Amino acid sequence: MDLSQLEENFKSALSKGDIENAVTNAIEYCNGCQQVRKYDTAIICLKPLLIKVEKDKSLRAVVLTALGTAYWEKAQLKKALEQFEQAFLLFKEMDDKAGKAAILSIVGLTYWRKCAWDRALEILEDAINQRSDKEDRFTSLYGAFERGISTLHNRIRLGRELEQPLKILQPLFSSSAIYLITGDIENFKLCLDESEVLAKETGQTEILKAILGVSKLAAKVL
C-alpha cells in the first residue's frame, strides 16, 4: 500500500472520531514515511495525535513509542528518549509487558549506539526477559530495527570494500545487539564471532569486554 493510501486511511479514521483505528493507521502510515526517510512527516502526524489520546493511557503510550521511534531514526536521541521514558511509565503503570519490552529494547539499543555497553546490557536483559510476540501497535519500532540492520549492512559492505577492519567492526558489532533483541540467533553469533576476531586484530579492548558481556547475556537468556 502506498503512502497516500496509508495517509488517507489515517485521516478517514480520524475524521470519523474512531481514535483507536486512527492510531493503528497512524502507526502504519508513519512506518511507511520512515521507510522513505520522511521522519518529519511522521512526527507531524503523531504530535497532534498525542492530544487526542491524552485520556487513554494505552493509546497514548503507543503514540509516544511511535513518536520516539521517529525521532530515533532521525538520530535525535535526546528527544527519542524523552518520549520513550513517558511511554515506559505508562506501560509500567498498566503492567503491559509487551509495551515495556518494546521500550526497553529500543532504549537498550540507544545506549548500545552510544557505546555505553554495560548499561545497554542491563536494559537489554530486562527487555528479553519480558519479550513477547510481535504486535501491530509497534510496527514502526520493528521497522526501525529492520532499517537499522539494512543501514549497518551497507556500512559493513563499504568497510569490506575499503579493507578497513575498524570500519567493518563498528557496524558489525552494532548489528549484533539488534540481532540479539530480535531473536535472530544465527546472525547474532555470526556477527559476534567476526567482531571478536576484528576486535583482537585492531586492539579494541573495550569492544572485547563488551563481547564477553553480551555473550554471557545471550547464554543466560536464549
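Quick notes
- Condition check for residue 68: crowded, with 21+ Cβ neighbours inside 10 Å, touching a Phe, Trp or Tyr at 6+ places or on another chain (Cβ under 9 Å) and under 19 Å from residue 41 (Cα atoms): yes
- Number of residues in region 89-101 that are assigned to a helix (DSSP H, G or I) and either more than 10 Å from residue 62 (Cα to Cα) or touching a Cys at 6+ places or on another chain (Cβ under 6 Å) (or both): the value is 8.
- Candidate set from region 117-148 (those that are surrounded by 15 or more Cβ atoms within 10 Å (Cβ to Cβ) and assigned to a loop (DSSP other than H, G, I, E, B)); member that is farthest from the chain's Cα centre (by Cα): 130
- Tabulated pairs, region 72-87, first over 16 Å from residue 120 (Cβ atoms) and free of Cβ contacts under 8 Å to residues at least 40 places away in the same chain, second charged (D, E, K, R) and outside any helix (DSSP H, G or I), C-beta under 9 angstrom, 6+ apart or interchain: 74/37
- Residue pairs whose Cβ atoms lie under 6 Å apart, sitting 6 or more positions apart in sequence or on different chains, and linking a residue in region 37-58 that is closer than 17 Å to residue 138 by Cα to a partner that is of a type in the set (D, E, K, R), are 39/73; 39/74; 53/60.
- Residue 178 out of contact with any Gly (no Cβ under 7 Å at 6 or more places or on another chain) and closer than 30 Å to residue 6 by Cα: no
- Scanning region 169-203 for residues that are assigned to a helix (DSSP H, G or I) and farther than 30 Å from residue 134 by Cα yields 196, 197, 198, 199, 200, 201, 202.
- Residue within region 148-168 that is of a type in the set (Asp, Glu), at positive phi and not assigned by TED's automatic domain parsing to the domain that holds residue 27 present: yes
The values are calculated or read from the model by the stated rules, or taken from the named source; none is laboratory data. Quick caveat, the model's predicted, so the values are computed rather than measured. Cβ atoms come from the backbone with ideal geometry, glycine included; neighbour counts cover every protein chain shown.
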